[in-house]
Amino acid sequence: MIPAKRPILDQDLALLQDNILRMGSMVESMTEKAVRALKERKVELAREVRAEEKVVDQLRLDVEEAGIRTIATQQPLASDLRKIIAATHMAVELERMADYANGIAKIVIRSIDEPLLKPLIDIPRMQFIVCGMTHRALDAYVKEDANLARAVQAEDDEVDELYKQILRELVSYMSEDARTISRAMNLLFVAHNLERLGDRATNLCERVVYAVTGQLHEPKPKKSSIATLG
Amino acid sequence: MLAENASIFYGAFRAVADVTLPVHERQITAIIGPSGCGKSTLLRAFNRMNDLVQSARVEGKILLDGDNIYAPDVDAVAVRRRVGMVFQRPNPFPKPIYDNVAYGVRLGNPRIPKPELDAIVEQSLRGAALWDEVKDKLKESGTALSGGQQQRLCIARAIAVQPDVLLMDEPCSALDPIATIKIEELMQTLKERYTIMIVTHNMQQAARASDYTVMMMMRPDRAGEMIEFDQTEQIFTNPRDKRTEDYVSGRFG
Ligand SMILES: Nc1ncnc2c1ncn2[C@@H]1O[C@H](COP(=O)(O)OP(=O)(O)OP(=O)(O)O)[C@@H](O)[C@H]1O
Ligand SMILES: [Mg+2]
């Protein structure tokens, strides 16, 4: 057989990947910024996050449109097809992740006049892990490394543990002193958003595993402690 | 049908090497692979069409209902009645539409009563989804039809003798997209009664229209071999063999 060039399809695939990576790094930095805004009481950082969320929304539409166009015009099959399907799913996940970061930013803006309930320790830790997961999920995506993706999924347990710990702690604040309720609830919302970010990062990993191996897995059953929040 | 270690030669040249392939009943099996890898040769072996080539020879077995169609006592014409063939270019006879369909039936049964033959012709044309388009002009020449209609006429001709298996060698390569879709739809109805094998260069067609797919490739000695056989969905979403992946995604051609 003679090697054939597929200039258009290869270019389309490269563009799709670029956009996913761009969305990924934006989500990472938005999450980091939102938690820093909370910790350092910096409303302008929170406002930046809110503006960036709009860019991520647009990128998601771009990815979806490009994916549909490529399927319609290039008739991709096998791993090409899987990559496109995975990328469009990842774009949706990333868009939702940006929403969660944006959710944290909103809380910061809303509560900027109140002092923090307590020095933050576990929330920045959650953020650190979630950002690391997102980063490595995208590494796995670029390197087409299913094992790395699976390893990242496992880290979500730690995020869930931290969330439960924060929940317990905040509940004890609220039950001891009802005047802390509104500030404690704000922190709880923040933690909840971070917990969701961790879930979505594991979804990214699922899509990477699919793109690389063709294996679709049932999402890990989630035992979310407070399902109605968020 | 079942090919067991089938090798097909033209003189000393081995065009197909050692194919073992189960053809599932009442399913559509597509054969894909680069040009010259032996797809047509393999397909033709399933109804002894290669017998018409002087130098051609088959080793191994091809079984129809458990019997080797290449056994010495088997009549090739009888095999072809049970395993029909539709070719790449529609090839109706320059005769009335009616006679095109009746042709094989008359050969097998020269004294068939007219009403019975009428019924078979109608049934076959209906089976090929052509009846409504030609019922008022059965006396007109088959060659006066459009390409897609001609191909459906050839399918009607093939099913008129009530075969068990239909072989199609690139049946749509000379047709426009609409006529192609019509043939593919027709294949879906035909598979309720017939086992179908189709050779196609059109990956989308194989993906759309078949249940199983055979991927063939040429070895360095130019003999064609089967490198992968699986459910069509598997071949086009997650093939096992890197060469299949490269072929279906257009990295080689
Ligand atoms: N009648 C013949 N006599 C000698 N060699 C032949 C004959 N027919 C085909 N061949 C050779 O056998 C090999 C397989 O041919 P075949 O027509 O089966 O390939 P194919 O996969 O159908 O190709 P294509 O996709 O171009 O139709 C080729 O090398 C071809 O040159
Ligand atoms: Mg051929």
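The values are calculated or read from the model by the stated rules, or taken from the named source; none is laboratory data. The structure presented is a predicted model; accordingly, all values stated were derived computationally and were not measured. All Cβ positions, glycine included, derive from the backbone under ideal geometry; neighbour counts span all protein chains shown. SASA here: full protein model, heavy atoms, side chains in, ligands and nucleic acids out. Shrake-Rupley method; radii C 1.70, N 1.55, O 1.52, S 1.80 Å.
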Yes/no for B:PRO163 being in a loop (DSSP other than H, G, I, E, B) and within 20 Å of B:ALA15 (Cβ to Cβ): no
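Report yes if B:ILE97 is open to solvent by less than 40 Å² (accessible area, probe 1.4 Å) and within 15 Å of ligand 1 (Cβ to nearest atom), otherwise no.
no
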Of residues in region B:161-171 being within 16 Å of ligand 2 (Cβ to nearest atom) and open to solvent by 10 Å² or more (accessible area, probe 1.4 Å), the one farthest from the other protein chains (Cβ to nearest Cβ): B:ASP169
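Just to be sure before I move on: is B:ALA158 surrounded by 15 or more Cβ atoms within 10 Å (Cβ to Cβ) and either over 13 Å from B:ILE97 (Cα atoms) or more than 16 Å from ligand 2 (Cβ to nearest atom) (or both) in the structure I sent?
So B:ALA158 fits the description; yes.
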Cβ-Cβ under 9 Å pairs, at least 6 apart or on other chains, region B:189-209 side within 11 Å of chain A (Cβ to nearest Cβ) and open to solvent by 10 Å² or more (accessible area, probe 1.4 Å), far side of a type in the set (D, E, K, R) and within 15 Å of ligand 2 (Cβ to nearest atom): B:ASN202/B:GLU170
Output for region A:200-214, where each listed residue is open to solvent by 10 Å² or more (accessible area, probe 1.4 Å) and part of a helix (DSSP H, G or I): A:ARG200, A:THR202, A:ASN203, A:GLU206, A:ARG207, A:TYR210, A:ALA211, A:VAL212, A:THR213
1 or more residues in contact (Cβ under 8 Å) with a residue 40 or more places away in the chain, away from every other protein chain (no Cβ under 14 Å) and within 14 Å of ligand 2 (Cβ to nearest atom): qualifying strands (runs of 3 or more DSSP E) within region B:1-81: B:2-10, B:13-22, B:28-32
Tally of residues being open to solvent by less than 70 Å² (accessible area, probe 1.4 Å) and within 24 Å of B:ALA45 (Cα to Cα) across region B:102-134: 3
Residue among B:ALA30, B:ALA78, B:ALA56 that alone is touching a helix residue (DSSP H, G or I) at 6+ places or on another chain (Cβ under 6 Å), surrounded by fewer than 21 Cβ atoms within 10 Å (Cβ to Cβ) and either at pLDDT below 95 or of a type in the set (Gly, Ala, Ser) (or both): B:ALA56
Residues of region B:82-138 satisfying the condition of being aromatic (Phe, Trp, Tyr), more than 24 Å from B:THR189 (Cα to Cα) and not in a loop (DSSP other than H, G, I, E, B): none
